[in-house]
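Only one structure is covered here, and it is reproduced in the block below.
The values are calculated or read from the model by the stated rules, or taken from the named source; none is laboratory data. It should be emphasised that the depicted structure is a prediction, and the values quoted were computed from it without experimental measurement. Cβ: placed from backbone, ideal geometry, glycine included. Neighbour counts: every protein chain shown. Protein only, heavy atoms only, side chains kept; ligands, DNA and RNA dropped before computing areas. Shrake-Rupley method; radii C 1.70, N 1.55, O 1.52, S 1.80 Å.
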Amino acid sequence: MPEPATDAVLLAAAQVALNRHGAVLRDIGRVFADAGHQLYLVGGSVRDALLGRLGNDLDFTTDARPDEMQRMLRGWADAMWDTGIEFGTVGVGRGGHRLEITTFRSDTYDQVSRNPQVSFGDRLEDDLVRRDFTVNAMAVSITPDGPGEFHDPLGGLEAVRTRTLDTPMAPEVSFGDDPLRMLRAARFVSQLQFTVAPRVVEALVAMAPQLSRITAERVAAELDKLLLGADPVAGIDLMVQTGLGDVVLPEVGAMRMEIDEHHQHKDVYQHSLKVLQQAIDLEDEGPDLVLRWAALLHDIGKPATRKLEPGGGVSFHHHEVVGAKMTRKRMRALKYSKQMIDDVSQLVYLHLRFHGYGDGRWTDSAVRRYVTDAGHLLPRLHKLVRADCTTRNRRRAARLQAAYDDLERRIAELAAKEDLARVRPDLDGNEIMRILGIPPGPLVGEAWRYLKELRLDRGPLEHDEAVEELLKWWNARADRDV
Ligand code: ATP
Ligand code: MG
């Protein structure tokens, strides 16, 4: 966590950050000034400048209307897009920057359908008070000379200094107008590592059910940003504690199960958060959304499979199978891509397989299947399984890690011998057709799959041996069919 900063230090940091974009800011300031319009850098861009994390995406607000902006910017922009035009946003690409300029909003909310009636305003202050959080409601005027006056009518700077998320209006009103803001709070808790003001927490608890009015796509976009943030555990925990989780990700909070009488199983929810953090700590190529989703969801099958055993103790048989199904269902409801759903659910499905490894007595065949079933997910599966160890018993933890080291060694040995990354049958489709004298069709696939199973069980076969096995299978099959 960074050192607490003073206002002066924060403003100086922002100045430095903005100077790095001085050229483009002066340029666009000139375009708007020449047309007689005001222009302000606003929202996340001002916040991120204060926090020293400003990138090349810059957000602006102006009194110019969208059609005027399009006219003004046409000759200046390298590229222009109008996907946000009905909400007053014009997007512009210029020299590696992505600039989004939105006309001042002065929306009112129809309190029945709660759809915003998009209307444009003339005053900066009216625009700022309609924004989600005070830290996102600051502005810096942009002129032909570059960044100018700092506008902070809602105490945004103080909120940045104290690392607090609070709403400009009463939170109940704000969240009633747009419930997505509640999820954005959890997202910013993760991304910025800020905490939520007490009155905002109260409003989240009271208003959480309203989140159901938001489309799956918008929810998923916020969840991804949350999971990719600096502290997803804090963001998820806020969701679960406030009831937001019950609306969009109920399986996670449902893992809060009472600790059994023998204290053999810690709370599955706390365990999952710890696994998520440990998986993040094992990342070596930047934030990995698939791994983080899988770590969060790997045990969601546990509540449904929990059984008290006659001699005391608890079991969760097949929770990985049930969990993989639940993962698919939830991620489908959130409209994730097929690839994403397949990857996350396959990791959930495979997360327990290793625990059959015991004292390193897996056959070569079992090792091959592990690798083949994981496919391109293998590096993530290694991380997930290693992260999925939260025992406080040091000896037990060390034993598990050593067993996994051993499995990775076995995989490397076999891989060196056998090109494990792409286990294929020893004969290809053309050879199968030639040897059996059959045309292309489902039979070829059947033979191919038979040979692949054989390959997994026995490793690579000599060519003659493979032909012999194929013919044996073919004759047995013919006998069955007559
Ligand atoms: P990031 O770009 O990292 O996702 P951001 O804060 O810039 O974060 P955007 O979604 O780009 O978020 O929105 C830009 C600004 O628009 C915000 O900083 C905020 O001022 C305002 N804003 C965005 N969404 C909402 C909303 N649902 N309600 C009110 N204001 C919003
Ligand atoms: Mg932004």
| said: About the Cα centre, and with charges only on the beta carbon of Lys, Arg (+1) and Asp, Glu (-1), how big is the dipole of segment 164-248? Nearest 20 debye, please. | reply: 100
| task | Would you tell me the accessible area of Leu154, worked out with a 1.4 angstrom probe on the heavy atoms of the protein chains, in Å² to the nearest 10? | result | 50
| Dipole axis of the chain (+1 Lys, Arg; -1 Asp, Glu on Cβ), positive-most option in Tyr349, Thr83, Pro310 | Pro310
| said: Contact order normalised by length for the chain, with contacts defined as Cα pairs under 8 Å and 6 or more residues apart; what percent is it? | reply: 8
| request: Provide Ser119, Ser212 ordered by accessible surface of protein heavy atoms (probe 1.4 Å), highest first. | output: Ser212, Ser119
| task | Counting helices only, and only those DSSP H runs with n ≥ 4, report the 222 nm mean residue ellipticity of the chain as the sum of -39,500 (n - 2.57) divided by its residues, in deg cm²/dmol to the nearest 500. | result | -16500 deg cm²/dmol
| field | Dipole of segment 424-481 [Lys/Arg +1, Asp/Glu -1 at C-beta], most positive-end residue of Gly441, Leu461, Asn475 | value | Gly441
| task | Give me the net charge of Gly245's neighbourhood, meaning all other residues with Cβ under 11 Å from the Cβ of Gly245; Lys, Arg count +1, Asp, Glu -1. | result | -2
| message | Using amide H atoms built in the peptide plane, which far-off residues or other-chain residues are under 5 Å from Thr143 H to H? | response | Gly148
| With every protein chain kept in the model, how would you rank Val189, Val201, Val16 by accessible area, 1.4 Å probe, largest at the top? | Val16, Val201, Val189
| note | Residues other than Met255 with Cβ under 10 Å of its Cβ, Lys/Arg counted +1 and Asp/Glu -1, net out at -1
| task | Run the numbers on segment 73-212 and let me know its relative contact order in percent, using alpha-carbon pairs under 8 Å that are six or more apart. | result | 15
| task | Taking H placed 1.01 Å from N in the peptide plane, check which residues at least 5 places from Leu165 or on another chain put their amide H under 5 Å from its amide H. | result | Thr195, Val196, Ala197
| Cα gyration tensor shape for segment 169-297, rounded if a/c is under 1.5, else prolate or oblate | oblate
| Protein chains only, probe 1.4 Å: how do Met69, Met326 rank by accessible area, largest first? | Met326, Met69
| remark: Expressed in angstrom and rounded, the centroid-to-centroid distance over alpha carbons for segment 443-459 and segment 353-394 is 24
| field | Karplus-derived HN-Hα couplings along segment 20-25 (A = 6.51, B = -1.76, C = 1.60, θ = phi - 60°), whole Hz, x at Gly and Pro | value | 5, 10, x, 4, 5, 5
| DSSP bridge orientation in the chain - percent antiparallel, rounded to nearest 5 | 75
| remark: So for segment 7-162, using the alpha carbon gyration tensor with a ≥ b ≥ c as root eigenvalues (a/c under 1.5 gives rounded; past that, a/b versus b/c decides prolate or oblate), I'd call it oblate
| query | Dipole magnitude of the chain about its Cα centre, charges +1 at Lys/Arg Cβ and -1 at Asp/Glu Cβ only, in debye to the nearest 20? | reply | 1000
| task | Mind listing the long-range amide H neighbours of Leu58? Cut-off is under 5 Å, sequence gap 5 or more, other chains count too, H placed in the peptide plane at 1.01 Å from N. | result | Arg98, Leu99, Glu100
| remark: Scalar couplings 3J(HN,Hα) for segment 209-225 by Karplus 6.51 cos²θ - 1.76 cosθ + 1.60 (θ = phi - 60°), nearest whole Hz, x for Gly and Pro, are x, 5, 4, 5, 7, 8, 5, 4, 4, 5, 4, 4, 4, 5, 4, 5, 5
| So what does Tyr40 come to for accessible area, using a 1.4 Å probe and Å² rounded to 10? | 30
| query | Counting Lys +1, Arg +1, Asp -1, Glu -1, what net charge surrounds Gly156 among other residues with beta carbon under 13 Å of its beta carbon? | reply | -3
| remark: Per the charge dipole of the chain (beta-carbon charges, Lys/Arg positive, Asp/Glu negative, Cα centre), the residue among Phe194, Leu204, Ala333 reaching farthest to the positive end is Ala333
| request: May I ask you to derive the relative contact order of segment 7-162, considering only C-alpha pairs under 8 Å and at least 6 residues apart, and to give it as an integer percent? | output: 27
| query | For the chain, with every protein chain kept in place, what is the accessible area per residue (1.4 Å probe, Å²)? | reply | 48
| Too-long pairs where the Cα-Cα distance tops 28 Å, listed order kept, from Lys329/Lys452; Lys307/Lys452; Lys274/Lys417; Lys383/Lys417; Lys417/Lys452; Lys325/Lys472 | Lys329/Lys452; Lys307/Lys452; Lys274/Lys417; Lys325/Lys472
| Per-residue ³J(HN,Hα) for segment 429-442, Karplus 6.51 cos²θ - 1.76 cosθ + 1.60, θ = phi - 60°, Hz, x for Gly and Pro | x, 5, 5, 4, 5, 5, 5, 8, x, 10, x, x, x, x
| note | Rounded to whole angstrom, the alpha-carbon centroid of segment 265-339 lies from that of segment 55-92 at a distance of 43
